[in-house]
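Here's the structure we're looking at; comments come further down.
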């Protein structure tokens, strides 16, 4: 029997009460309100009537879901679909975490997921807006193979990003009986008006009150501002793994730095250098010091930037966002990705290279048309008031809690009328883990590690083992 390790928050209790009586349902809850934890409670209360849970989520969120299951339940029976999974080698588990995009890209994954689902399976579709395209291959496949499952649940913070057209596929996944239409074309004929000049362009929606009434019995919806019990600061984390190439360089960097050092050289400066190198590699690059004078720049494929872009996609398009990054390399690549996705004027920049006049101009830009404020903590972590945003993403973190606290407070100041959500992007099994632990303890990761080194400084092998665990 699976048990839960955490309690429901007050706003999650009515969500469970609303959805539990029905075999199908939706949780439309803002980021940070704990959609996954609420879903786990539904699983817990139904576990005697189900044989497994198949949890569909965006590929980039598979590890985040994995970590959430570990955090909130005592279940160790978790299978995260990877490159070697097929319908002939499925391990026995209670939880199966499957990437939504894989359902269009990999027949192997489709066959494996299809083999799992029975009448006693509970299927959860996280970020259900990923199947809003009624004709998309992944939408059709996931909907079809989930039909056999007795229990079906969708989770999203943004059920309607482009209008009521987004509702059709999400409700059809739950049951075509909810809206009462057998096909998208019947739905469109009753609710959508298309442009005569531009075929396919929806210009107006009709009978939306009817749609709201039809879905109301099956959906629980709540926003952060409606949850009076919430703290004014809400924290959430998005997890990812290194690529194989990154991992090889990450381990090589530890060996290289260890080989250069003598036992008595492990002071704060040395540790800072080691941690900075590891953090660089976890962010996709290494500004590597050569044995002779100079440096070389190494770059690696990595998942951090993809995770950032996915996280932005979870936030309503009309809301401003602050992004804190540590390295100039990060700034350059993030701004390129943002401009490619959202346009040239979408981002205001704030980092050390800019003059005071230009920094003032960039702040004004953010208070005007720019949606994103992209900054380094060293340049923008003090003095600014940025209450225009109430979503903050830490692409990576500094080593000191004091720096983090200052960065958080840029938009958590007098005049802020919203609860602020802080999102950390964290690389699993890397220096990010140690940094996150130190910051949660309001500490300094470099000084904490130095104290550990001091305790074992006469034991060379033990020191190597300590570094290997980073």
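Among the residues of the range 106-128, write down those that are without any contact (Cβ under 8 Å) to a residue 12 or more places away in the chain and either assigned to a helix (DSSP H, G or I) or not assigned by TED's automatic domain parsing to the domain that holds residue 176 (or both). Break it down stepwise before answering.
Within the range 106-128, the first condition is being without any contact (Cβ under 8 Å) to a residue 12 or more places away in the chain, and the residues that meet it are 106-107.
If the condition is that a residue be without any contact (Cβ under 8 Å) to a residue 12 or more places away in the chain and either assigned to a helix (DSSP H, G or I) or not assigned by TED's automatic domain parsing to the domain that holds residue 176 (or both), then 107 is the only one that fits.
Give the residue, chosen from 154, 145, 131, that is touching a residue at least 60 places away in the same chain (Cβ under 8 Å) and within 16 Å of residue 57 (Cα to Cα).
Details: 145 fails: touching a residue at least 60 places away in the same chain (Cβ under 8 Å); 131 fails: touching a residue at least 60 places away in the same chain (Cβ under 8 Å).
Just a single option satisfies the conditions, and that option is 154.
Which residues, counting only those in the range 344-353, are touching a helix residue (DSSP H, G or I) at 6+ places or on another chain (Cβ under 9 Å) and either loosely packed, with under 15 Cβ neighbours inside 10 Å or closer than 24 Å to residue 313 by Cβ (or both)? Steps first, please.
From the range 344-353, those touching a helix residue (DSSP H, G or I) at 6+ places or on another chain (Cβ under 9 Å) are 345-353; that's our starting set.
Listed by number, the residues that qualify are 345, 346, 347, 348, 349, 350, 352, 353.
Name the residues in the range 273-304 that are surrounded by fewer than 19 Cβ atoms within 10 Å (Cβ to Cβ) and outside any strand (DSSP E or B), would you?
Our first condition is that a residue be surrounded by fewer than 19 Cβ atoms within 10 Å (Cβ to Cβ); within the range 273-304, this holds for 273, 275-276, 287-299, 301.
Scanning the range 273-304 gives 273, 275, 276, 290, 291, 292, 293, 294, 301.
When you scan the range 76-95, how many residues do you find that are outside any loop (DSSP other than H, G, I, E, B) and farther than 22 Å from residue 151 by Cα? Break it down stepwise before answering.
Here is the first cut: in the range 76-95, the residues outside any loop (DSSP other than H, G, I, E, B) are 78-80, 95.
Those left that are additionally farther than 22 Å from residue 151 by Cα: none.
Counting residues in the range 76-95 that are outside any loop (DSSP other than H, G, I, E, B) and farther than 22 Å from residue 151 by Cα gives 0.
Within the bounds of the range 259-271, is there any residue that is part of a loop (DSSP other than H, G, I, E, B), out of contact with any helix residue (DSSP H, G or I) (no Cβ under 6 Å at 6 or more places or on another chain), modelled with pLDDT of 90 or more and assigned by TED's automatic domain parsing to the domain that holds residue 337? Break it down into steps so the answer makes sense when it comes.
The first filter runs over the range 259-271 and keeps only residues part of a loop (DSSP other than H, G, I, E, B), leaving 261-262, 266-267.
Among the residues that remain, those that are also out of contact with any helix residue (DSSP H, G or I) (no Cβ under 6 Å at 6 or more places or on another chain) are: 261-262, 267.
Subset that is modelled with pLDDT of 90 or more: none.
The answer is no; no qualifying residue exists.
Among 53, 98, which is assigned by TED's automatic domain parsing to the domain that holds residue 146, in a strand (DSSP E or B) and closer than 21 Å to residue 238 by Cα?
Just one listed residue meets the conditions, 98.
Only one of these is surrounded by fewer than 18 Cβ atoms within 10 Å (Cβ to Cβ), closer than 25 Å to residue 304 by Cα, without any contact (Cβ under 8 Å) to a residue 24 or more places away in the chain and assigned by TED's automatic domain parsing to the domain that holds residue 311: 364, 440, 378. Name it.
On the way: 364 fails: closer than 25 Å to residue 304 by Cα; 378 fails: without any contact (Cβ under 8 Å) to a residue 24 or more places away in the chain.
Unique residue meeting the criteria: 440.
Got at least one residue in the range 131-148 being buried (at least 17 other Cβ atoms within 10 Å of the Cβ), in a strand (DSSP E or B) and touching a strand residue (DSSP E or B) at 6+ places or on another chain (Cβ under 8 Å)?
There is no residue in the range 131-148 that is buried (at least 17 other Cβ atoms within 10 Å of the Cβ), in a strand (DSSP E or B) and touching a strand residue (DSSP E or B) at 6+ places or on another chain (Cβ under 8 Å).
Looking only at residues in the range 305-314 that are in contact (Cβ under 8 Å) with a residue 40 or more places away in the chain and part of a helix (DSSP H, G or I), which one is farthest from residue 393 (Cα to Cα)?
Narrowing the range 305-314 to residues in contact (Cβ under 8 Å) with a residue 40 or more places away in the chain: 306-308, 310-312, 314.
The next check asks that each one be part of a helix (DSSP H, G or I); those that pass are 306-308, 310-312.
Numbers: 306: 13, 307: 11, 308: 8, 310: 12, 311: 9, 312: 9 Å.
By that ranking, first place goes to 306.
Quick check, is residue 177 outside any loop (DSSP other than H, G, I, E, B) and exposed (fewer than 14 other Cβ atoms within 10 Å of the Cβ)? It would help to see each step written out before you state the result.
On the way: outside any loop (DSSP other than H, G, I, E, B): no; exposed (fewer than 14 other Cβ atoms within 10 Å of the Cβ): yes.
Answer is no for this residue.
So which residues in the range 158-173 are more than 13 Å from residue 25 (Cβ to Cβ) and surrounded by 21 or more Cβ atoms within 10 Å (Cβ to Cβ)?
Filtering the range 158-173 down to residues more than 13 Å from residue 25 (Cβ to Cβ) leaves 158, 160-169, 172.
The answer is 167, 168, 169, 172.
Kindly list, by first and then second residue, each pair from a residue in the range 1-20 that is assigned by TED's automatic domain parsing to the domain that holds residue 39 and at pLDDT 95 or above to a residue that is surrounded by fewer than 16 Cβ atoms within 10 Å (Cβ to Cβ) and part of a helix (DSSP H, G or I), limited to pairs with Cβ atoms under 7 Å and residues at least 6 apart or on different chains.
20/45
Enumerate the helices (runs of 4 or more DSSP H) found wholly within the range 399-470, keeping only those where 1 or more residues are more than 25 Å from the chain's Cα centre (by Cα) and at pLDDT 90 or above.
445-455
Please give the number of the condition residue 248 fails out of (1) surrounded by 15 or more Cβ atoms within 10 Å (Cβ to Cβ); (2) in a helix (DSSP H, G or I); (3) in the same structural domain as residue 444 (by TED's automatic domain parsing).
(1)
When the range 66-95 is examined, which residues are found to be more than 25 Å from residue 6 (Cβ to Cβ) and crowded, with 19+ Cβ neighbours inside 10 Å? Spell out the reasoning first.
If we filter the range 66-95 for residues that are more than 25 Å from residue 6 (Cβ to Cβ), which is where we start, we get 81-92.
Across the range 66-95, the qualifying residues are 81, 85.
The values are calculated or read from the model by the stated rules, or taken from the named source; none is laboratory data. The shown structure was predicted, so the numbers you read here are calculated from the model rather than taken from an experiment. Neighbour counts are summed over all protein chains in view; Cβ atoms, including those assigned to glycine, are modelled from backbone coordinates with ideal geometry.
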